[in-house]
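The values are calculated or read from the model by the stated rules, or taken from the named source; none is laboratory data. Keep in mind it's a predicted model, so treat the numbers as computed, not measured. Heads up, the Cβs are rebuilt from the backbone with ideal geometry, glycines too, and the neighbour counts pull from every protein chain shown.
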Amino acid sequence: MTVLHTVEEAMLVAAVVMILVAGALLLHRIWYGPSMLDRAVALDVAAALIIAGIGVKAAHDGDSFYFPVMLVLAFLGFTGSVGIARFIAVRDRPARRPDGKEDHR
Amino acid sequence: MSLWSEAADLIGAALLLLGCLQSLLGVIGMLRFPDVLSRSHAATKPQTLGMLLVLVGVALRLRDGIDLGTLALIAFFQFLTSPVASHLVARSAYRTGQTGSRGLLRDDLDPQLSDGDGDGERPGT
């Protein structure tokens, strides 16, 4: 029982560490993302990562207090990237390199 | 605590670990892929498979009726809304010509976007 409990605790801590590392890497994409659409996709993934992190916390504590937050994030998290894709991205065309080709990266 | 609940707790923790690993791998793919469409391809891994694994793991560890309903609603809304966002982002990427430096081998969208006369709107122009 106690050994099993320790193993589960270690797995949950490893899961939280993976979520945090993924969020830090995602901040790199949001900060340096060459176009606005990359940032929109990264913000979608950030909402998914927040939902997963809250889920790991709920599974660790065994309470369902933050489930409404997960629900709201699941059905409102896409509005930001929809707004970016519809209204901002057209002004943010990729830069042109000196040889005339577009810099897509 | 019976054997079944211990087994459900352990399997739930394993599924949570797998889901978070899936999210991490998807984010690494987002960092390494070269253009918007392939980054969007990598971004769907945390949004669908990682999310589903995490939600099933939470459901196996909580095992309560109302919580199972809420988790099912979360999965439903996530699977309903993330294709909308991906579709709009990919459409905007095509319209602004950010479909990658190698170009598309076969472009089925171009004749549908044009009016049927001439070459139509080329990506990147």
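List of remarks:
- Test: residue in the range A:2-10 that is facing chain B (nearest Cβ under 7 Å), in a helix (DSSP H, G or I) and either among the hydroxyl-bearing types (Ser, Thr, Tyr) or in contact with a Gly (Cβ under 6 Å, 6 or more places away or on another chain) (or both): no
- Among all residues of the range A:21-33, there is at least one that is closer than 12 Å to residue B:39 by Cα, without any contact (Cβ under 8 Å) to a residue 60 or more places away in the chain, within 9 Å of chain B (Cβ to nearest Cβ) and in a helix (DSSP H, G or I).
- Checked against the criteria, residue B:11 counts as more than 19 Å from residue A:24 (Cα to Cα), β-branched (Val, Ile, Thr) and touching a Leu at 6+ places or on another chain (Cβ under 9 Å).
- Condition check for residue B:32 on (1) crowded, with 16+ Cβ neighbours inside 10 Å; (2) without any contact (Cβ under 8 Å) to a residue 12 or more places away in the chain; (3) of a type in the set (Lys, Arg): one failure, at (1).
- Failed condition for residue B:70, given (1) facing chain A (nearest Cβ under 9 Å); (2) in a helix (DSSP H, G or I); (3) in contact (Cβ under 8 Å) with a residue 24 or more places away in the chain; (4) among the β-branched types (Val, Ile, Thr): (3)
- Candidates A:84, A:19, A:51: the one that is modelled with pLDDT under 90 and surrounded by 21 or more Cβ atoms within 10 Å (Cβ to Cβ) is A:84.
- Some residue of the range B:37-44 being in a helix (DSSP H, G or I), touching an Asp or Glu at 6+ places or on another chain (Cβ under 8 Å) and of a type outside the set (Gly, Ala, Ser): yes
- Total residues in the range A:39-69, condition more than 18 Å from residue A:28 (Cβ to Cβ), under 13 Å from the mean Cα position of the chain (by Cα) and within 7 Å of chain B (Cβ to nearest Cβ): 2
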